[in-house]
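Written out below as structure tokens is the structure these notes cover.
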Amino acid sequence: MNIEQSYLKIKSTIPQSVKLVAVSKTKPIEDIKTLYSLGQRVFGENKVQELVSKYEELPKDIQWHMIGHLQTNKVKYIAPFISVIHSVDSFKLLTEINNKAKNSNRTIDCLLQFHVAKEEAKFGFKLDTFKELFNNQDFTLFPNVRIIGIMGMASFTSDKSLIISEFNKLSSIFNQLKQLYFIDNKYFTEISMGMSGDYLEAIAEGATMVRVGSSIFGARNYH
Ligand SMILES: *Cc1c(COP(=O)(O)O)cnc(C)c1O
């Protein structure tokens, strides 16, 4: 299958209420243009430099999502245009996004990243540490950030029941945060979970955004 066919096939399996983030990392501009011509407007990248150069070259009605780990010193490069940051995993990063969004006269939509996979945690909050850190946190102190939900990844495994239980855990974290911090916040609605191998399971467990790369664009080549 070519990229058009793969895209249309994946798209046909995703309910309209779920947003497809086409993960274009490492892929050329031409591939993004192909999907753009089919109507896709939401693309995900995980490296700041690549994101900025693609933003500069491509149509300005594309909504760019930052899905990879973001260093605080790089926020300034994407703050003027980024649509959603999926990977907010520290208080420091949230503060910096707020500052740089303010400088650009913007409000940036953000997702809090949670770690539920069984692999060693590289990035992402655990629910307990999040509660300690953000206990009584007044999120209105970040007027240029809009926290619209959470993001997470399942374990890298073929064990579907483990993957499903991890997505279920993310949904439960979302519900708890909603109750504890965002009960009056009409924007806190999103659960970003599911990739090429597991997006259907993620949707069944409540995903509102799925991040699909290789099954649309083909396998990535990292050299
Ligand atoms: C690369 C990546 C994806 C897409 O992965 P595929 O398996 O290619 O669909 C999704 N989410 C994150 C955070 C990624 O880094």
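Listing for the model above:
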read-out: Test: residue in segment 56-71 that is on the phi < 0 side of the Ramachandran plot and part of a helix (DSSP H, G or I); value: yes
read-out: Yes/no for Gln113 being assigned to a loop (DSSP other than H, G, I, E, B) and either within 18 Å of Lys178 (Cα to Cα) or open to solvent by less than 70 Å² (accessible area, probe 1.4 Å) (or both); value: no
read-out: Criterion (among the hydroxyl-bearing types (Ser, Thr, Tyr), out of contact with any helix residue (DSSP H, G or I) (no Cβ under 9 Å at 6 or more places or on another chain) and under 30 Å from Lys102 (Cα atoms)) met by exactly one of Ser24, Ser83; value: Ser83
read-out: Odd one out for Lys122, checked against (1) of a type in the set (Lys, Arg); (2) away from the ligand (no atom under 16 Å from the Cβ); (3) open to solvent by 70 Å² or more (accessible area, probe 1.4 Å); value: (2)
read-out: Lone qualifier among Leu35, Leu8, Leu20, Leu51 - being surrounded by fewer than 17 Cβ atoms within 10 Å (Cβ to Cβ) and touching a residue at least 24 places away in the same chain (Cβ under 8 Å); value: Leu8
read-out: Which listed residue is more than 20 Å from Phe174 (Cα to Cα) and crowded, with 20+ Cβ neighbours inside 10 Å, from Ile97, Ile67, Ile29; value: Ile97
read-out: Positions within segment 54-73 being over 15 Å from Ser24 (Cβ atoms) and either modelled with pLDDT under 95 or within 16 Å of the ligand (Cβ to nearest atom) (or both), in sequence order; value: His69, Leu70, Gln71
read-out: Subset of segment 182-204 that is open to solvent by 50 Å² or more (accessible area, probe 1.4 Å) and of a type outside the set (S, T, N, Q) - its residue that is nearest to the ligand (Cβ to nearest atom); value: Met195
read-out: Residue count for segment 74-103, restricted to those that are in a loop (DSSP other than H, G, I, E, B) and away from the ligand (no atom under 16 Å from the Cβ); value: 4
read-out: Residues of segment 131-149 that turn out to be at pLDDT below 90 and in contact with a Leu (Cβ under 8 Å, 6 or more places away or on another chain), as a count; value: 1
read-out: Filtered residues of segment 21-40 (kept if within 11 Å of the ligand (Cβ to nearest atom) and not basic (Lys, Arg)); value: Val21, Ala22, Val23, Ser24, Thr26
read-out: Candidate set: segment 155-174, residues that are within 18 Å of the chain's Cα centre (by Cα) and open to solvent by 70 Å² or more (accessible area, probe 1.4 Å); chosen: the one nearest to the ligand (Cβ to nearest atom); value: Phe156
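The values are calculated or read from the model by the stated rules, or taken from the named source; none is laboratory data. These numbers were taken from a predicted model, which means no experiment stands behind them. Glycine also receives a Cβ, built like all others from the backbone with ideal geometry; neighbour counts cover every protein chain displayed. The area values use the complete protein model at the heavy-atom level, side chains included, leaving out ligands, DNA and RNA. Shrake-Rupley method; radii C 1.70, N 1.55, O 1.52, S 1.80 Å.
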